[in-house]
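Since the structure comes first, as structure tokens, the remarks are kept for the end.
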Amino acid sequence: MGFKNYILVCGGTGCESSRSDQIYHSLIDEAQAQGVSDQVQVIKTGCFGFCEQGPIVKILPEDSFYVQVKPEDAKELIAEHVIKGREVTRLLYNKAPRKAYEEVEDIKFYQKQLRIVLRNCGSIDPENIDEYIAADGYKALEKVLFEMKPDDVIEELKTAGLRGRGGAGFPTWMKWNFTKQAEGDEKYVVCNADEGDPGAYMDRSTLEGDPHSVLEAMTICGHTIGAHHGYIYIRAEYPLAIHRLEVAMKQAREYGLLGKDILGSGFDYDIEIRLGAGAFVCGEETALLQSIEGHRGMPQPRPPFPAVKVLWGKPTVINNVETWANVAQIINKGGAWFASIGTADSHGTKVFALTGKICNSGLVEVPMGTTLREIVYDIGGGIAHGKRFKAVQTGGPSGGVITEENLDTPIDFGGLQKIGSMMGSGGMIVMDEDDCIVDVAKFYLNFTVDESCGKCAPCRIGGKSLCNILEKITQGKGEESDIQQIQQIAHAMRIGSLCALGQTAPNPVLSSLRYFPEEYQAHIHDKKCPSGKCKKLISYEINPSKCIGCTACSRKCPVGAISGEVKKPHRINGNVCIKCGVCKETCKFGAIEIH
Amino acid sequence: MAKLSLSDLRSIREREEKNLKKRDIHGRTVHVVVAMGTSGINAGAKLTLNTIADEVEKKGLDNVIITQTGSAYPNPEPVVEVFSPKQGLVIYGNVDKETAVRIVNEHLAEGRILEDKKIELKEEE
């Protein structure tokens, strides 16, 4: 007998950390215990993207979208939904049941999305190669091995206009073509899965949810350029993605989709995983290739470009995970189809990891040309807790802030560059009025200073100096000349650093300086932090007209800085106060103010 | 030697596609709802549901969604609703195994309503 219900449980890292693995097993156990295991199939899928509401469980064919599910809910889901056919209303996203034959109501979070890269995430079991094959998997490889010539593949990518999704946006077909034309009998294919931007997890989710899409694309590339060996460079901090990749590679080898004489075509190809230790600089391709060879991950001068001569001194194609995940679709549906999506400058879609002060944080994939406003307000649901929007940081520590006035800029490679940010790998961090822009710039700079490999002086020394200046400003010791000095150092770093890490490290500072000069001025001139973040520039005070003397704050204060008699207004001793903010969170009357 | 030939891969895809398609709810327009409350199950709705599911699978009807609902229906149970965009909502009563097979073969597969089994019911509360 066929299954009547299919239960899809999100198996992304986000949901797994909220015990989705336990939910998965509880559902199987409960189905068994309640005697319906022959009627229901429980499947662990990749990330649904709607991480804010995780763990997510979706039951088909009713398309019931259950959110924030706990392992304890498994019993009820099986008893109520599967056996009695009644949706468990309290766990539904929209909390309202609907009649079975009503139109499937779309959740706003998904309405403006278009899923190409994430097409299989949340719908197939990533640890089952048969499901990938069923979803048109390895069809593109068939086509490439038996119907297309290598030049046709490159031509298709050229028509598609696919550009590298790792950040720089270099045309993928050109990379492949250079390597194809490069002389040599040994060539390599590399997948850059060293995702390091704070808050970005697109690549991790793609590998966790659809590992075969990357393996298939790398094999296609191998055949096209004449390589027989591929490497996936992934950080050891992604254990689940590594596990899924290993399972996928094992299954592909069992089927002979990796290994010798693939599908009887005579083409040999295999892939190896190389674990990185999680250094941000190893996302830079020359550093990454050094690390694969077993050297210290430090960037190398270019030329020679990887396409011509790099890994083990051989020509190498290196693409980012998201770029790879587009390839099979382009071969299947044609370059013209891909080119019809997006803008003139950038075709296709882009996956963003939407995080920060936003209602619906999660993974979103939108056509290029979607505006930031649509992403933040329509998909993201706006700013959390009714606060005011301040800015979005795109491009991670190499990018910049985008403010209210540029929210309607269509997002593509060129568009973001024009407004002083960059596409980057796709991290998107939303800030609200409570975030201090100088503090944010300092955060990013601290990150790049930590992650700098130390090879070039402009990056090593420049970054640290910039950090010191920002630290000074946030401590209220800023001087007028600091701004000019920031610009000078930034300029030196930009022209003097070898790799993109150093060249772009000053971007967060420069871009925040460009859009929020008044906030820097407030710190430097008035010694004030308008958003109340910089501790040295603020003081907590109790408004005596609002304080009723409930003593709640004085009991919570970790340093005993608050004194006063019961039922009489209290006072904060500024010399003792460590500005931790606990009193403000505790006070129910809004009596504690930041000055 | 290749482990999997091209035709092997294609037959795996063909086989698995059918399974995966069962999960795909897009483009499915016909909905069958079986009332599975306590009284419905008592009247044999479980057999009805299983029969419909089996027959739909046998016939390979891929535009059908089968779901369950609670009771809220008076007699004559087991009750089955069939909704299709063309014919709207039709409700059947006393759906035993034999009728269940007929619903699939006649109504779902060929679009002929089983007039003898049709009942008129007020909408559930």
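For this structure, a couple of remarks:
- 24 Å Cα-Cα threshold exceeded, pairs from A:Lys533/A:Lys556; B:Lys22/B:Lys59; A:Lys44/B:Lys58; A:Lys187/A:Lys455; A:Lys112/A:Lys357; A:Lys314/A:Lys350: A:Lys44/B:Lys58; A:Lys187/A:Lys455; A:Lys314/A:Lys350
- Taking all Cα pairs closer than 8 Å and separated by 6 or more residues, the relative contact order of the range A:539-594 comes to 46 percent.
- Computed P(r) (all Cα pairs; chain A; 10 Å bins; percent): 3, 15, 23, 24, 19, 11, 4, 1, 0
- Gyration tensor analysis over the Cα atoms of the range A:437-524 returns equivalent ellipsoid semi-axes of 21, 12, 11 Å (largest first, whole Å).
- Per-residue average of Cβ from other chains inside 10 Å of B:76-88: 1
- Sites B:Leu47 and A:Val559, calculated FRET efficiency, Cβ-Cβ separation with R0 51 Å, nearest 0.05: 0.10
- Separation between Cα centres of the range B:1-25 and the range A:23-58, rounded to whole Å: 24
- Cα long-axis angle, helix B:6-23 against chain B (0 to 90 degrees, to the nearest 10): 20
- With a simple spin-label model that places each label point 7 Å from the Cα along the Cα-to-Cβ direction, the separation between A:Asp526 and A:Arg373 comes to 2.9 nm.
- For the range A:5-105, DSSP calls about 55 percent of its internal beta bridges antiparallel.
- Given A:Lys472/A:Lys546; A:Lys108/B:Lys18; A:Lys175/B:Lys21; A:Lys149/A:Lys260; A:Lys535/A:Lys588, the pairs whose alpha carbons are separated by over 28 Å: A:Lys472/A:Lys546; A:Lys108/B:Lys18; A:Lys175/B:Lys21
- Here the range A:539-594 is treated as a Stokes sphere of Kirkwood radius computed over C-alpha pairs; at 25 °C and 0.890 mPa s its diffusion coefficient rounds to 229 µm²/s.
- Peptides ranked, highest mean first, by Cβ atoms within 10 Å: ranges A:491-498, A:316-323, A:540-547: A:316-323, A:491-498, A:540-547
- Potential extension, A:Asp408-A:Lys546 segment - 0.36 nm per residue separation minus Cα distance: 45.5 nm
- Chain A: DSSP helices with Cα axial extent of at least 20 Å and average Kyte-Doolittle hydropathy no lower than -1.0: A:211-225, A:239-255, A:437-451, A:457-474, A:481-496
- Listed by chain and number, the lysines placed with their C-alpha closer than 20 angstrom to that of B:Lys86 are A:Lys99, B:Lys117, B:Lys118; residues fewer than eight positions away on the same chain are left out.
- Applying 1/(1 + (r/R0)^6) with r as the Cβ-Cβ distance of A:Ser481 and A:Arg514 and R0 = 25 angstrom yields a FRET efficiency of 0.85.
- The mean of 1/r over all pairs of different alpha-carbon atoms in the range B:33-89, once inverted, gives a Kirkwood hydrodynamic radius of 11.8 Å.
- Once the gyration tensor of the Cα atoms in the range A:110-202 is diagonalised, the equivalent ellipsoid follows with semi-axes of 26, 21, 15 Å, ordered largest first.
- Computed as a quarter of the hull surface, the mean projected area of the alpha carbon convex hull for the range A:285-344 stands at 5.6 nm².
- Dividing the summed -39500 (n - 2.57) terms of all DSSP H runs of n ≥ 4 by the residue count of chain B sets its mean residue ellipticity at 222 nm at -10500 deg cm²/dmol.
- Over 26 Å between alpha carbons, listed pairs A:Lys390/A:Lys584; A:Lys95/B:Lys97; A:Lys58/A:Lys387: A:Lys95/B:Lys97; A:Lys58/A:Lys387
- Diffusion of the range A:16-55 by Stokes-Einstein, at 20 °C in a medium of 1.002 mPa s and with Rh set to the Kirkwood radius over alpha-carbon pairs, works out to 192 µm²/s.
- Peptide B:14-26 has a mean shielding of 6, counted as Cβ atoms of other protein chains within 10 Å of each residue's Cβ.
- Unit Cα scatterers, Debye sum, the range A:5-105: log10 I(q)/I(0) for q = 0.22, 0.23 Å⁻¹: -1.14, -1.25
- Normalising the average separation of contacting C-alpha pairs (under 8 angstrom, six or more residues apart) by the number of residues puts the relative contact order of chain A at 11 percent.
- Taking Cα atoms only, the orientation of helix B:45-59 departs from the longest principal axis of chain B by about 40 degrees.
- Semi-axis lengths (Å, descending) of the ellipsoid that matches the C-alpha gyration tensor of chain B: 34, 15, 13
- The modelled label-to-label distance between A:Lys536 and B:Asn19, using points 7 Å beyond Cα along the C-beta direction, is 6.3 nm.
- Calculated FRET efficiency, A:Ala168 to A:Lys472, Cβ-Cβ distance, R0 = 41 Å: about 0.80 to the nearest 0.05.
- In summary, the range B:6-71 shows an alpha-carbon radius of gyration equal to 1.42 times the 2.2 N^0.38 Å reference for compact globular proteins.
- Legend: P(r) of the range A:357-496 from all alpha carbon pair distances, 10 Å bins from 0, whole percents, reading 11, 36, 33, 18, 1.
- Peptide A:255-267 shows a mean partner chain C-beta count of 4 within 10 Å per residue C-beta.
- Backbone N under 19 Å from the A:Ala277 label point (7 Å along Cα→Cβ), restricted to the range A:169-212: A:193-197
- Normalised by the number of residues in the range A:245-388, the average gap of Cα pairs under 8 Å and 6 or more apart makes the relative contact order 9 percent.
- Rg and Dmax over the alpha-carbon atoms of the range A:359-433 stand at 11.3, 33 Å.
Coordinate-derived values only; no laboratory data. What you are looking at is a predicted structure, and each value in this text was computed from that prediction instead of being measured. In this analysis, Cβ positions are derived from the backbone assuming ideal geometry, glycine residues included, and neighbour counts consider all displayed protein chains.
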